[in-house]
Protein chains: 2
Amino acid sequence: MNTSDRLIESTRALLWERGYVGTSPKAIQQRAGAGQGSMYHHFTGKPDLALAAIRRTAEEMRAKAEEQFAGPGTALERVSAYLLRERDVLKGCPIGGLAQDPDVVADPALRRPVEETFDWLRGRLAEVLAEGRERGELSASLDPAGTASAVVAVLQGGYVLARAAGSAEPYDRAVKGVLGLLAAQATL
Amino acid sequence: MNTSDRLIESTRALLWERGYVGTSPKAIQQRAGAGQGSMYHHFTGKPDLALAAIRRTAEEMRAKAEEQFAGPGTALERVSAYLLRERDVLKGCPIGGLAQDPDVVADPALRRPVEETFDWLRGRLAEVLAEGRERGELSASLDPAGTASAVVAVLQGGYVLARAAGSAEPYDRAVKGVLGLLAAQATL
DNA sequence: GTCTATAATTTGATAGAC
DNA sequence: GTCTATCAAATTATAGAC
């Protein structure tokens with residue numbers, strides 16, 4: 001891994017652990033094993049480096065989600081697989097956490113990849129649900145778009161509740177709760 | 001309002017806008033119109049002041065939620081009223097946002113009021129849903145505890161998605177989505 | 001490309017005058 | 001109780017040697 005990559009990986013880890021406001025260039029350099037000159041040679045500053053890091057994290061997140069969505073099983077099984085997939089719940093969502101950061105939200109360049117990731121996720125979930133409805137697995141009265149929004153929100157909210165509790169339990173309860181409501185939409 | 005109160009109110013506003021990591025004692029003092037000596041006379045430091053601010057915000061939040069829960073109407077109407085109540089969606093949840101802050105989560109004293117607020121909220125929502133089920137408004141197969149967890153998560157996740165999008169729309173969509181799933185649990 | 005000064009500013013707090 | 005020094009460390013860079 002070259003210096004540029006090490007700097008990006010260091011930034012990704014720190015953005016996840018400390019957020020954008022809580023991450024200093026110095027900490028990025030130390031974790032990457034690079035000097036200041038090195039960092040300012042490859043990137044114009046903290047925002048530039050953060051953008052590269054966020055883009056890479058977003059790309060990785062989409063790829064991992066698509067594994068579940070494109071997998072086998074009914075629509076409900078694929079949504080369940082996605083929500084119940086092993087996650088570092090207590091660390092929070094590496095993308096969702098950025099939405100709480102004031103400096104990320106204030107900078108359109110930094111906010112865009114976050115927004116796009118959630119747009120994609122919601123759209124992809126809606127497709128899976130719509131497919132399940134067409135196949136007759138889910139009630140014809142189910143609203144795929146609205147339900148997809150709710151599912152993404154439960155996921156993000158589950159992370160928030162878990163961090164607040166210092167335990168993964170609230171995440172599991174919330175996911176089971178929404179899966180229970182979804183199961184009631186399954187045709188017998 | 002005395003100096004102590006002004007300092008607490010200043011801290012409350014800054015914690016909401018900038019988070020704990022992003023809030024400096026200097027900013028707190030300037031907003032409160034107080035000097036450093038004043039702040040360190042009334043509070044031992046930033047954590048002490050933050051604790052007072054978080055407690056006050058949590059108390060206010062519970063009181064506002066209870067207004068909807070204790071209001072008139074069916075269980076579903078009261079949950080709807082709570083979720084659809086006017087909110088500063090783009091500013092995020094003043095309590096939920098703290099759960100993303102690394103220094104809040106790392107300090108048990110600061111995390112506790114956040115955790116307690118969500119515990120209370122989940123418990124209170126479960127009571128409302130259980131009451132609706134007993135009255136025959138909601139399906140006997142509905143799980144009040146799990147559903148309450150999911151509803152709180154949708155609320156918190158809705159805030160996250162709205163901030164990511166720079167628009168309140170994702171919040172509204174997520175809330176409508178979960179209310180749609182809940183409506184399907186209503187007895188005819 | 002990488003490194004080591006250097007520096008203006010901010011952070012989070014203490015000391016002591018009033 | 002409130003204020004103004006004062007302070008050591010961190011922040012976010014820039015400059016210039018190697």
Report summary line: Within region B:47-77, restricting to residues that are under 23 Å from B:E116 (Cβ atoms) and within 14 Å of chain A (Cβ to nearest Cβ), the one that is farthest from DNA strand D (Cβ to nearest atom) is B:M61
Requested in this report: Scan region A:176-188 residue by residue and report those that are more than 8 Å from chain B (Cβ to nearest Cβ) and assigned to a loop (DSSP other than H, G, I, E, B).
Outcome: A:T187, A:L188
Report summary line: Scanning region A:100-113 for residues that are touching a residue at least 24 places away in the same chain (Cβ under 8 Å) and either closer than 20 Å to B:P94 by Cβ or not aliphatic (A, V, I, L, M) (or both) gives A:Q100, A:D101, A:P102, A:D103, A:V104, A:D107, A:P113
Query raised in the report: Mind checking which residues of region B:140-170 are among the polar types (S, T, N, Q) and either facing chain A (nearest Cβ under 7 Å) or closer than 17 Å to A:A183 by Cβ (or both)?
Result: B:S141, B:T147, B:S149, B:Q156
Query raised in the report: Of the residues B:T23, B:T44, which is away from chain A (no Cβ under 14 Å), within 16 Å of DNA strand D (Cβ to nearest atom) and either modelled with pLDDT of 95 or more or in a helix (DSSP H, G or I) (or both)?
Result: B:T44
Query raised in the report: Quick one: in region A:174-188, which of the residues that are open to solvent by 10 Å² or more (accessible area, probe 1.4 Å) and without any contact (Cβ under 8 Å) to a residue 12 or more places away in the chain is nearest to the chain's Cα centre (by Cα)?
Result: A:K176
**Report entry** Filter result (open to solvent by less than 40 Å² (accessible area, probe 1.4 Å) and within 10 Å of DNA strand D (Cβ to nearest atom)) within region B:4-20
**Finding:** B:S4, B:L7
Report summary line: Counting only residues that are acidic (D, E) and over 25 Å from A:A164 (Cβ atoms), region B:132-168 contains a total of 2
Query raised in the report: In this structure, does A:R135 turn out to be more than 9 Å from chain B (Cβ to nearest Cβ) and under 19 Å from the mean Cα position of the chain (by Cα)?
Result: no
Query raised in the report: Any idea which of (1) facing another protein chain (nearest Cβ under 7 Å); (2) not in a helix (DSSP H, G or I) is the one B:R173 doesn't satisfy?
Result: (2)
Query raised in the report: Of the numbered conditions (1) within 19 Å of A:G96 (Cβ to Cβ); (2) facing another protein chain (nearest Cβ under 9 Å), A:R124 satisfies every one except a single condition; which is it?
Result: (2)
**Report entry** Per-region count, region B:65-107, residues exposed (fewer than 14 other Cβ atoms within 10 Å of the Cβ) and of a type in the set (A, V, I, L, M)
**Finding:** 3
Report summary line: Residues of region B:26-41 being open to solvent by 50 Å² or more (accessible area, probe 1.4 Å) and either within 14 Å of chain A (Cβ to nearest Cβ) or away from DNA strand C (no atom under 16 Å from the Cβ) (or both), in sequence order, are B:G33
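The values are calculated or read from the model by the stated rules, or taken from the named source; none is laboratory data. Note that the structure is predicted; figures quoted are calculated from it, not measured. Don't worry about glycine lacking a Cβ; one is built from the backbone with ideal geometry, like all the others, and counts go over all protein chains shown. Areas reflect the complete protein model, heavy atoms only, side chains present, ligands, DNA and RNA absent. Shrake-Rupley method; radii C 1.70, N 1.55, O 1.52, S 1.80 Å.
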